[in-house]
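J.: After the structure tokens below, expect a handful of questions from me.
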Amino acid sequence: MLIRHRKRSDIASHEITSESAYLNRRELIKGTGLIAGSLALSSAIGASRSAYAAVMPAPGGKFADVAKGYAKLGGNDAPTSFEDITTYNNFYEFGLDKGDPAEHAHNFKPLPWTVKVDGLCNKPGTIDFNDLIKPAALEERIYRMRCVEAWSMVIPWVGISLASVINRFEPQGSAKFIRFETIVRPTEMRGQRSANLPWPYIEGLRMDEAMNPLSILAVGLYGQPLLGQSGAPIRLVVPWKYGFKGVKSIVRISFVEEQPQNTWKVMNGSEYGFYANVNPKVDHPRWSQASERRIGEFRRRPTLMFNGYEEEVADLYKGMNLSRLY
Ligand SMILES: Nc1nc2c(c(=O)[nH]1)N[C@H]1C(S)=C(S)[C@@H](COP(=O)(O)O)O[C@H]1N2
Ligand SMILES: [Mo]
């Protein structure tokens, strides 16, 4: 489902202070007239190769035909620089420090990639990345991201609505939750050689949260494919929740009846919950959540209820005690 209506939080693209790479997008898209030709050629080679040509740009290239002009849900905030987004990361599979993922993810091979979809659905199966991602459905979504550690960014993602992916597998009525699993590949992910976290990293959503139009599976940012440190080739983005819900490098999606045991809740359930909704009024036991440090800025800014997406998601939590179900 696409978000075509404009909200108070929308900003027009000309209002955004963009990266130079980002502004060059128009130029690069012009060059993608080549895509149609390469598609026809590779259909003779095989369906999966042609799908690669259709979805993944050549190295250093950009996604073609990403729908834009709506869903600019970063408020009036300027996007964080590409440099900051890709060098200040949490991805414990590559190490615990913010700089570790950028330093150690270059050996990670995101393609070829398959995702196993199983559990309570009519059409389970193992799907190639390129069959999962429909090029025509790719959209740009500029979202705020708020980490539970009280820092934040604004990220121009390229992604596909999670609902549109889910519907293809026809989840059954008994599926109340969706569970996501990150790849385990200790040869390429040095952090997985230590037991800092129980691997694989697990996250989950209630089914209605997953179907919300804000939820996406991201495959790129600033128009180009995700780098290893950002969760290549595919990761979850749910912008009204703390960043740890955004599970990276997904290899398995399961439709389940019970609430999934998400990694950070398992690690420390008194500090991290299942819902993890951004909420300035519910403090972390060790720090306030009332304000945040926007990466690239000096002054702190107030944290917004549901990270500023209250209008879009508040209905999901009507009548829920948000202090207890944090
Ligand atoms: N597999 C996996 N996914 C993960 C994490 C992780 O350590 N492993 N860290 C989470 C946390 S705490 C945050 S804040 C975001 C950070 O995303 P970014 O590095 O792309 O900004 O990824 C989340 N997804
Ligand atoms: Mo985080």
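J.: Between Gly99, Gly95, which is farther than 26 Å from Arg179 by Cα, modelled with pLDDT of 95 or more, within 12 Å of ligand 1 (Cβ to nearest atom) and not aliphatic (A, V, I, L, M)?
T.: Details: Gly95 fails: farther than 26 Å from Arg179 by Cα.
Result of the check over Gly99, Gly95: Gly99.
J.: So, in region 100-115, exactly how many residues are aromatic (Phe, Trp, Tyr) and either in contact with a Lys or Arg (Cβ under 9 Å, 6 or more places away or on another chain) or part of a helix (DSSP H, G or I) (or both)? Steps first, please.
T.: At the first step, the residues of region 100-115 found to be aromatic (Phe, Trp, Tyr) are 108, 113.
Then drop every residue that is not either in contact with a Lys or Arg (Cβ under 9 Å, 6 or more places away or on another chain) or part of a helix (DSSP H, G or I) (or both), which leaves 108.
Going through region 100-115 one residue at a time, the tally reaches 1.
J.: Check Val266, Val251, Val282 and return the single one that is over 17 Å from Asn89 (Cβ atoms), in a strand (DSSP E or B), out of contact with any helix residue (DSSP H, G or I) (no Cβ under 6 Å at 6 or more places or on another chain) and β-branched (Val, Ile, Thr). First the steps, then the outcome.
T.: Values: Val266 fails: in a strand (DSSP E or B); Val282 fails: in a strand (DSSP E or B).
On inspection, the qualifying residue turns out to be Val251.
J.: Could you identify the single residue in Asp97, Asp118 that is over 18 Å from the mean Cα position of the chain (by Cα), surrounded by fewer than 17 Cβ atoms within 10 Å (Cβ to Cβ) and assigned to a strand (DSSP E or B)?
T.: Working: Asp97 fails: assigned to a strand (DSSP E or B).
Sole residue among the options that is over 18 Å from the mean Cα position of the chain (by Cα), surrounded by fewer than 17 Cβ atoms within 10 Å (Cβ to Cβ) and assigned to a strand (DSSP E or B): Asp118.
J.: Checking the structure you have, find out if any residue of region 251-261 is within 23 Å of Leu138 (Cα to Cα), near ligand 1 (Cβ under 9 Å from one of its atoms) and crowded, with 22+ Cβ neighbours inside 10 Å.
T.: Of region 251-261, the ones within 23 Å of Leu138 (Cα to Cα) are 251-254.
Then drop every residue that is not near ligand 1 (Cβ under 9 Å from one of its atoms), which leaves none.
Looking through region 251-261, none of the residues is within 23 Å of Leu138 (Cα to Cα), near ligand 1 (Cβ under 9 Å from one of its atoms) and crowded, with 22+ Cβ neighbours inside 10 Å.
J.: Suppose we keep only residues that are closer than 17 Å to Leu73 by Cβ and away from ligand 2 (no atom under 16 Å from the Cβ) within region 147-175. Which one would you say is surrounded by the fewest Cβ atoms within 10 Å (Cβ to Cβ)?
T.: Step one: list which residues in region 147-175 are closer than 17 Å to Leu73 by Cβ, which gives 152-163.
Add one more test, that the residue is away from ligand 2 (no atom under 16 Å from the Cβ), and what stays is 156-163.
On the way: Pro156: 25, Trp157: 26, Val158: 24, Gly159: 27, Ile160: 21, Ser161: 23, Leu162: 26, Ala163: 16.
So, considering only residues that are closer than 17 Å to Leu73 by Cβ and away from ligand 2 (no atom under 16 Å from the Cβ), the one surrounded by the fewest Cβ atoms within 10 Å (Cβ to Cβ) is Ala163.
J.: Let me ask you something else. In region 198-241, how many are in a loop (DSSP other than H, G, I, E, B) and under 22 Å from Thr114 (Cβ atoms)? Lay out the reasoning, then the answer.
T.: Residues of region 198-241 in a loop (DSSP other than H, G, I, E, B): 198-201, 211-215, 222-223, 226-227, 231-234, 238-240.
Cutting the leftovers down to under 22 Å from Thr114 (Cβ atoms) gives us 199-201, 215, 226-227, 231-234.
Within region 198-241, residues that are in a loop (DSSP other than H, G, I, E, B) and under 22 Å from Thr114 (Cβ atoms) number 10.
J.: The conditions are (1) over 27 Å from Pro124 (Cβ atoms); (2) more than 12 Å from ligand 1 (Cβ to nearest atom); (3) surrounded by 20 or more Cβ atoms within 10 Å (Cβ to Cβ), and Gly204 fails exactly one of them. Which is it?
T.: (1)
J.: A further question on this structure: Pick from region 304-316 the residues that are out of contact with any helix residue (DSSP H, G or I) (no Cβ under 7 Å at 6 or more places or on another chain) and crowded, with 18+ Cβ neighbours inside 10 Å: which of them is farthest from Ser270 (Cα to Cα)?
T.: For region 304-316, the residue satisfying everything is Glu312.
J.: With more than 14 Å from ligand 2 (Cβ to nearest atom) and touching a Gly at 6+ places or on another chain (Cβ under 6 Å) as the only criterion, which of Val251, Val256 stands out? Step through it out loud before you land on a result.
T.: Values: Val251 fails: touching a Gly at 6+ places or on another chain (Cβ under 6 Å).
After ruling out the rest, the residue left standing is Val256.
J.: Residues in region 287-302 that are surrounded by 18 or more Cβ atoms within 10 Å (Cβ to Cβ) and either farther than 24 Å from Phe82 by Cβ or modelled with pLDDT under 95 (or both): how many?
T.: Counting residues in region 287-302 that are surrounded by 18 or more Cβ atoms within 10 Å (Cβ to Cβ) and either farther than 24 Å from Phe82 by Cβ or modelled with pLDDT under 95 (or both) gives 1.
J.: Tally time: how many residues in region 238-249 are of a type outside the set (S, T, N, Q) and near ligand 1 (Cβ under 9 Å from one of its atoms)? Step through it out loud before you land on a result.
T.: So in region 238-249, the residues of a type outside the set (S, T, N, Q) come out as 238-248.
The next check asks that each one be near ligand 1 (Cβ under 9 Å from one of its atoms); those that pass are 242-248.
Qualifying residue count for the region: 7.
J.: Got a number for residues in region 155-194 being farther than 28 Å from Phe82 by Cα, out of contact with any strand residue (DSSP E or B) (no Cβ under 8 Å at 6 or more places or on another chain), polar (S, T, N, Q) and touching a residue at least 40 places away in the same chain (Cβ under 8 Å)?
T.: As a first pass, look at region 155-194 and keep what is farther than 28 Å from Phe82 by Cα: 166-179, 193-194.
Now restrict to residues that are out of contact with any strand residue (DSSP E or B) (no Cβ under 8 Å at 6 or more places or on another chain): 167-168, 173-174, 193-194.
Subsequent filtering for residues that are polar (S, T, N, Q) retains 167, 174, 194.
Still in the list and also touching a residue at least 40 places away in the same chain (Cβ under 8 Å): 174.
Residues meeting the conditions: 1.
J.: Check off (1) over 16 Å from Val247 (Cα atoms); (2) more than 16 Å from ligand 1 (Cβ to nearest atom) for Val154 and give me the number that stays unchecked.
T.: Of everything listed in (1) over 16 Å from Val247 (Cα atoms); (2) more than 16 Å from ligand 1 (Cβ to nearest atom), Val154 misses just condition (2).
The values are calculated or read from the model by the stated rules, or taken from the named source; none is laboratory data. Computed from a predicted model, the values in this text were never measured in an experiment. When we count neighbours, we look across all protein chains shown, and the Cβ atoms used for this are built from the backbone with ideal geometry, even at glycine.
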